[in-house]
Structures are given as C-alpha cells and as structure tokens.
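Any read-out appearing in this document is the output of simple, stated calculations on the displayed coordinates, not a laboratory observation. For clarity, every value in this text was computed on a predicted model and none was experimentally measured. All Cβ positions, even for glycine, are placed from backbone atoms using ideal geometry, and neighbour counts span all protein chains on display.
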Amino acid sequence: MTVDYKKGPNEVLPQLTRIEDPVDIYRSLGVEPAITASGNTTAFGGSKLRPEIMDVMNKASGVMVNLADLNKQAGKILADLTGAEAGLVTGGASAGLTLQAAACIAGNDSSKMSRLPDVQGLNNEIIIQKSQRFPYDQCYRIAGAKLVEIGDGRRCHPWQLEAAFTYKTAAVAYLQAPFYSRLALPLEQVCEIAHRHGVPVIVDAASMLPPRGNLSRYSQLGADMVIYSGGKGVRGPQGTGILCGKSELIEAASANSSPNQFLGRPMKVAKEEIVGLIAALQIFTQEDENAETKCYLEMSQHISESLTPAAGLKVTIEHDQYNYLIPTTVLTFGSEYEGPSRDAILERMATGKPPIFLHFIGNPNELAIDPINLNGEEVEIIIRRLNQEFKK
Ligand SMILES: *Cc1c(COP(=O)(O)O)cnc(C)c1O
C-alpha cells in the first residue's frame, strides 16, 4: 500500500488501527519492513516483542496504580528471577547505566541527587578498562561520572586497577558484551580488588541474554549492580531494562529514577511497560533453552548448507560463551577469496529490497547471520539474496 500525500490531511494516512497486514502498517508510513539478522540491534528494530505481552500491557494500561508500589513489587520479582538482592525496571539498559552511576555518585541522599549532573563535592570517578570503553559509556557521564581509564587497550594488569583508586572513586564499570570481554581482567578478580577498596562494581550485560544462566551469573561472581536490556533477548517492551543487585544500591538507583523528580526522571517507564517486562521475563525464564538452542542450530545448519559462496569464503556455525551466544552462521572472508567484498555484501544486503541487516560487529573479516529474530520464511529470503550477491 502506498500513500498519496497530495490528498487532503485526513486522507494522508490511512487509519493505522484499521490496517490488517502488519507490514502495511510501516509501508503506510513510508518505511520498508526489513529482515534483521544482526541480532537484537535496537537500530534495526530491536527484537520481536512476545505476542502475549501486548495483551497483558493492554489490560494493565487501563488501571491506575501508585508507581512506587508497583516498582517495589516488580523489584521483588526481578530479585527472585535474577537471584540478586533487589531489582528495578529501568527505561532500557542505557537508562540503567545512568542510574548505576547516579546511585554510586549520589546514593539515596536528596540533596546530592538533586545536584546531579553537577558533581562538585561528590565522588564521581568511575574506573574502566580501556579495552572496555564503548559508545554506551556516555550513559555514565550523563550522571556526572568521570571515567578513569586503566590498561593500554589490549591488556590490563591487576596492579593497574589497584593503583587507580582514589578517595573520589565511586565505582568500577565492567562491560560484559560479545567481542569486548575477552581482553579484560576477569570480572571475579575485578570484584575482589574493588571490594577490598570498598568500591562497588557495576556491570553492563545488556545483550548477554540468552543464555539464561547469565541472569544470575554476574551477581554470583560478585557484581554489585548488573543491567540487562528488557527489549533484546528477553523480548519484553523495547524501552525497558532489568537492573538488579545489592539492596542499598538498587534503592539508591530507584530514588534517582522516575517517577521521582531527579536525574532519572526523563527515563520514564510506564506502568504497563513494567508489567510487560515482568511478564516477558517470567516467560523467558521458564522457556526450554535446550529446545530453543536446537532450533537456532537447525536454522543455522540449513543456512550454512544452502549457501554457495566462492572458494575462500568459509561458512561455519559458531556458538560459544563469549561472542556468539546462540548458534550463528559465520562467513569468514579468507585471503584467497576473490568474490565481492565483505563490505560490499553487507551494504548491498542492507540497501536491497527488503533491506537485510547482517551481523558485522565481530571480527573485521566476518559477517554473520544471527537467527534470533528470524522466521523460516525470512531465512529463505536471506539464503536467496546472499547466493545472488555471491555471484556478482
Ligand atoms: C544494547 C546495549 C545497551 C543498551 O540497551 P537498551 O536496552 O537498548 O537501552 C547497552 N549496552 C550494551 C553493551 C548493549 O549491547
């Protein structure tokens, strides 16, 4: 369906609520639906919300409640499902990062909280390994944090961490993410050292689910606060995050957060989003992970067996605890390979019709097909389009 913008204002947009075919909702807005094989990438749609969740959210949206009560009760359920002492639903994992920093810098003290991001007189240094600097670390700086880098970007020694603590240290940040964590000091060791200095460790594990074991793993290793995205592997509302950790810190994060009128107020989470996230996490934690993994493996096997690239392009299925968290088809462009370049294929897939977004954040000579957001029909389209590209 296309829209004729020359018509009168009332005819410009067909009433979205009356459109039957889901893809036509976006087409009527002039946006072409895409296929996302890059994983749960926010820029390419995030994830596919669990269909049951919209129902619960719809029902919950018409009932009024005191948000403080809802946050408290939701927090108890998050604590239960993550094995941490306490929890808080945040406005995405990004907002959770800002709240982690705010909690460590200003605690639960209204006079301090009201001053953020002005940190005069507050201890605002957050230590981070240089190899773990990442675009989202600006979310810490929003709260007034000053990042103190340690290590040279490739390695970091325990003594470098030891030497970085000052009276102004508020926290040590740790990024747990594919392609970022292998060069870093192990989380356990970071926690041991930080705790000896009386400093909390805050972890960004936004994209580490599934596997479900990661929901409790980092707290068990000693992390004081951990953030996960609610809109990625959990497939809850796109704009939610799961913050869990030590009671005192979560209370401080909550105090800094919406609906309270402090730094976190712009990162509002609606009552129905809180309900939707809890519902999604309940389903996520009860699902059969072995069956799910087998399904991703079969999809990936089918893809890898159906691709016909030129010699020198290796097709493998990768699945490990560091980088490819579910069975994923990986294309490795070897030195002998003479077909279209990796970047050309990435670009042509993304600009074709439908746009197909491949996974490219791995090694520079790799492209991958992450099955987490794909259905069988989309898999066939990807195979067909990739085989066409290989021939060019
Ligand atoms: C996706 C991601 C975030 C942001 O998560 P949102 O829930 O989209 O806000 C933060 N950190 C890392 C490492 C991520 O992968």
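Odds and ends about this structure:
- Of Pro158, Pro327, Pro259, the residue with the greatest mean-square motion in the GNM of the chain, using alpha carbon springs below 10 Å, is Pro158.
- Each residue of the range 235-242 was assigned a 3J(HN,Hα) from its phi angle through the Karplus expression (A = 6.51, B = -1.76, C = 1.60, θ = phi - 60°), giving 6, x, x, 3, x, 10, x, 10 Hz with x at Gly and Pro.
- On the beta carbon distance between Thr351 and Arg155, with R0 = 41 Å, the FRET formula returns roughly 0.55.
- Note on the range 65-286: with charges restricted to the Cβ of Lys and Arg (+1) and Asp and Glu (-1), its dipole about the Cα centre is near 400 debye.
- Amide H partners (placed H, <5 Å) of Ile35, local residues excluded: Ile356, Phe357
- 3J(HN,Hα) along the range 22-27, derived from phi through the Karplus expression 6.51 cos²θ - 1.76 cosθ + 1.60 where θ = phi - 60°, amounts to x, 5, 5, 4, 6, 4 Hz, with x in place of Gly and Pro.
- Stokes-Einstein D in µm²/s, Kirkwood radius over Cα pairs - the range 65-286 at 4 °C with 1.567 mPa s viscosity: 76 µm²/s
- Charge dipole of the range 10-73 (Cα centre as origin; +1 on each Lys and Arg Cβ, -1 on each Asp and Glu Cβ, all else neutral): 260 debye, rounded to the nearest 20.
- Computed magnitude of the charge dipole of the chain (debye, nearest 20; Cβ of K, R +1, Cβ of D, E -1): 860 debye
- Label point at Tyr136 placed 7 Å out along Cα→Cβ; residues across the range 201-221 whose backbone nitrogen lies under 12 Å: 203-209
- Shape category assigned to the chain from the gyration tensor of Cα positions, a/c cut at 1.5: oblate
- Rounded Å value of the spacing that divides the Cα centres of the range 178-203 and the range 332-392: 35 Å
- Remark: the range 157-171, residue by residue, has Karplus-estimated 3J(HN,Hα) of 9, x, 5, 5, 5, 3, 7, 8, 6, 9, 5, 8, 5, 9, 6 Hz, where x stands for each Gly or Pro and the curve is 6.51 cos²θ - 1.76 cosθ + 1.60 at θ = phi - 60°.
- Protection proxy ranking of 185-195, 309-319, 240-250 - average other beta-carbon atoms within 10 Å, highest first: 240-250, 185-195, 309-319
- In the chain, a dipole from Cβ-located charges (positive for Lys and Arg, negative for Asp and Glu) runs towards its positive end, and of Gly83, Asn375, Cys191 it is Cys191 whose Cα lies farthest in that direction.
- Near the amide H of Met208, within less than 5 Å, lie the amide hydrogens of Ser229, all on another chain or at least 5 residues away, with H placed in the peptide plane.
- Stretch gain in nm, segment Glu248-Asp109, where the contour uses 0.36 nm per residue and the Cα spacing is subtracted: 48.8 nm
- Members of Lys130/Lys168; Lys232/Lys391; Lys268/Lys353; Lys76/Lys294 lying beyond 24 Å, as alpha-carbon distances in this model show: Lys232/Lys391; Lys268/Lys353; Lys76/Lys294
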